[in-house]
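Reading through the structure tokens given below for one structure.
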Amino acid sequence: MAGIGVRLNSIFEKKSIVADFVGFAYSTAITVAPMFVVILDILLMGYVLGFDEVSYLERQLFSCTILYTFIFSLLTVAPFSAVLSKYVQDVIYEEQYQDILPCFYLGLLLNIGLSCLVGVPFCLWEHFVGGVKILYVFTGFCTFISLTMVFYSMIYLSICKDYQRMSIYFLIGMAEAFLMSLILRFLCHWSIGFSMLFALMTGFFLTAILEFATIKRYFRKNSNRYRPVLRYFVRWWQLAVTNFLYILGLYIHNFVFWVTDMRVVIMKSFVCSPSYDMATCIALFTNISATILFIARVEMHFHEKYKAYSEAVIGGKGVDIENAKRRMFRQLVSELMTLARIQFIISAVVYLVCTVMLPQFGFAGLIMRVYPSLAVGYFILFLMYAAILFLYYFNDMAGSLMTTCSFCAVTLVGSLIATHLPDIWQGVGLIAGAFTGWTVAYLRIRWVEKHLASHIFCRGVLLKKENVPAPSSKVYDRYALQGNRQ
């Protein structure tokens with residue numbers, strides 16, 4: 001994320017209402033704009049094509065296909081994104097730019113392989129057991145793979161700080177998808193659901209192609225060194241597990257309710273819980289601004305203190321290092337508390353608007369009874385994620401792994417218990433898991449603060465590590481020495 005702060009500082013330094021609005025809009029464009037573009041495109045296609053008029057089965061089949069596409073594409077990308085991001089950052093630091101394309105190709109191959117390992121058996125079941133037409137199944141599978149490629153390529157564009165270009169590519173892809181849906185429906189006379197699904201597939205694929213072309217333009221040379229990439233997965237396995245458990249924790253409470261009496265089974269293949277899933281979506285959007293606020297504030301304030309501490313470590317005196325450390329951690333705690341205060345105000349306002357307005361649009365009943373507890377859970381969850389990113393700053397892989405493990409485990413157990421509670425408490429599993437993860441992360445940050453000196457200065461090595469046979473353990477032979485004297 002480094003580099004965003006320069007642009008934000010240049011915007012906010014004008015200190016005007018217009019500047020604040022432009023800064024917030026810029027932060028939104030580089031963080032959550034792609035997600036909102038996709039959602040808006042789906043809603044717009046549904047409105048123009050008359051999606052509400054199709055049969056219940058067709059609506060649910062399309063909705064579940066898109067839901068599964070997003071969830072499992074994120075899950076399959078998660079084990080690769082953090083490790084490959086770390087590898088590319090290290091390669092850029094060493095100015096070995098020719099090693100980036102091998103990382104991209106190998107990671108893409110592994111990611112698509114994992115996606116096929118998950119998607120192909122499900123698609124076979126969907127067709128032969130569920131009875132869904134083969135063309136629809138194949139289109140859904142291509143949509144899944146295309147979106148996986150989009151999420152994977154975003155790793156490299158994020159490292160290149162090309163956030164604006166990512167948003168533009170999503171806008172182009174979704175504009176093409178909207179036009180394609182009109183052509184397929186009104187000129188080719190395809191069904192509404194299949195027209196929308198095929199159009200989204202082409203839009204995601206176009207977005208992936210544009211991202212790939214940009215990566216190829218940035219990095220032209222290829223060293224064909226693939227083995228170092230594989231070694232990074234062994235060395236930084238904690239990053240892969242941490243990121244996967246975090247993404248899994250986002251949806252594991254949904255998976256629990258998919259096997260309860262609230263579930264709906266579509267074509268003997270898709271399982272979902274429409275009311276709980278919709279409440280989850282609304283709760284997520286209630287707190288999504290935390291991501292924007294965190295990136296803006298960290299890049300504008302904390303990154304400067306972190307940079308000052310790093311420079312003090314390199315060439316400063318002991319007292320300078322200690323002062324820089326105290327200022328850095330004071331800023332860290334301040335950013336967490338400020339994020340909590342501002343996000344609480346925003347979430348409270350959005351919650352009030354949702355409870356008043358959404359029932360007028362048909363979102364009522366069970367959805368609004370489950371929504372409050374889930375909104376609280378996601379509020380704590382985004383604070384926990386901010387703490388995890390701070391642990392990443394200090395290279396504390398063990399702390400981030402403990403955080404996500406506790407978060408995922410407690411969320412799973414809590415959600416299993418919540419299935420037996422009244423509707424209003426069904427999100428208590430997410431609340432318990434997020435609060436547990438937040439507590440572990442905050443305590444770990446405090447631990448890092450106390451042990452930062454040993455963490456920074458005592459992890460190096462004086463001798464170069466080599467994989468060679470060990471020398472003899474004998475260092476002294478008394479009898480041999482006596483023979484030499486005689």
*Dipole axis of segment 178-307 (+1 Lys, Arg; -1 Asp, Glu on Cβ), positive-most option in F198, L179, Q238*: Q238
*Quickly rank 410-423, 67-80 as a protection proxy: mean count of other C-beta atoms within 10 Å, highest first.*
67-80, 410-423
_If you count only protein heavy atoms and use a 1.4 Å probe, how large is the accessible surface of H189, to the nearest 10 Å²?_
140 Å²
*Which of the peptides 392-403, 210-221 is most tightly packed, and how do the rest follow, going by the mean number of other Cβ atoms within 10 Å of each residue?*
392-403, 210-221
*asked:* For W190, what residues show an amide H to amide H distance below 5 Å, using hydrogens built from the backbone and excluding near sequence neighbours?
replied: R185
_Potential extension, K450-D320 segment - 0.36 nm per residue separation minus Cα distance_ = 45.1 nm
*asked:* Can you tell me how segment 359-428 classifies by the Cα gyration tensor, rounded, prolate or oblate, using a/c under 1.5 as the rounded cut?
replied: oblate
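Taking all protein chains together and a probe of 1.4 Å, list E304, E322 from the most accessible to the least accessible.
Details: E304 100, E322 75 Å².
My answer, sorted largest first, is E304, E322.
Would you mind classifying segment 63-188 by shape? Square roots of the alpha carbon gyration tensor eigenvalues, ordered a ≥ b ≥ c; an a/c under 1.5 is rounded, otherwise it is prolate if a/b is larger than b/c and oblate if not.
Oblate, since a/c reaches 1.5 and b/c is not below a/b.
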*Does segment 326-447 classify as rounded, prolate or oblate by the C-alpha gyration tensor (a ≥ b ≥ c root eigenvalues; a/c under 1.5 gives rounded; else a/b over b/c gives prolate, otherwise oblate)?*
oblate
*Quickly rank 235-247, 323-335, 141-153 as a protection proxy: mean count of other C-beta atoms within 10 Å, highest first.*
141-153, 235-247, 323-335
*Cut-off under 5 Å, modelled amide H: who pairs with N222 long-range*: none
*For segment 406-419, take each phi angle, set θ = phi - 60°, evaluate the Karplus expression 6.51 cos²θ - 1.76 cosθ + 1.60, and give the result in whole Hz per residue in order, putting x for glycine and proline.*
5, 4, 5, 5, 5, 4, 5, 5, x, 5, 4, 5, 5, 5
*Compute, for V120, the solvent-accessible surface of its heavy atoms (probe 1.4 Å) with the complete set of protein chains present, and express it in square angstrom to the nearest 10.*
60 Å²
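The values are calculated or read from the model by the stated rules, or taken from the named source; none is laboratory data. The shown structure was predicted, so the numbers you read here are calculated from the model rather than taken from an experiment. Cβ atoms come from the backbone with ideal geometry, glycine included; neighbour counts cover every protein chain shown. Ligands, DNA and RNA are excluded from the accessible area calculation, which covers all protein heavy atoms including side chains. Shrake-Rupley method; radii C 1.70, N 1.55, O 1.52, S 1.80 Å.
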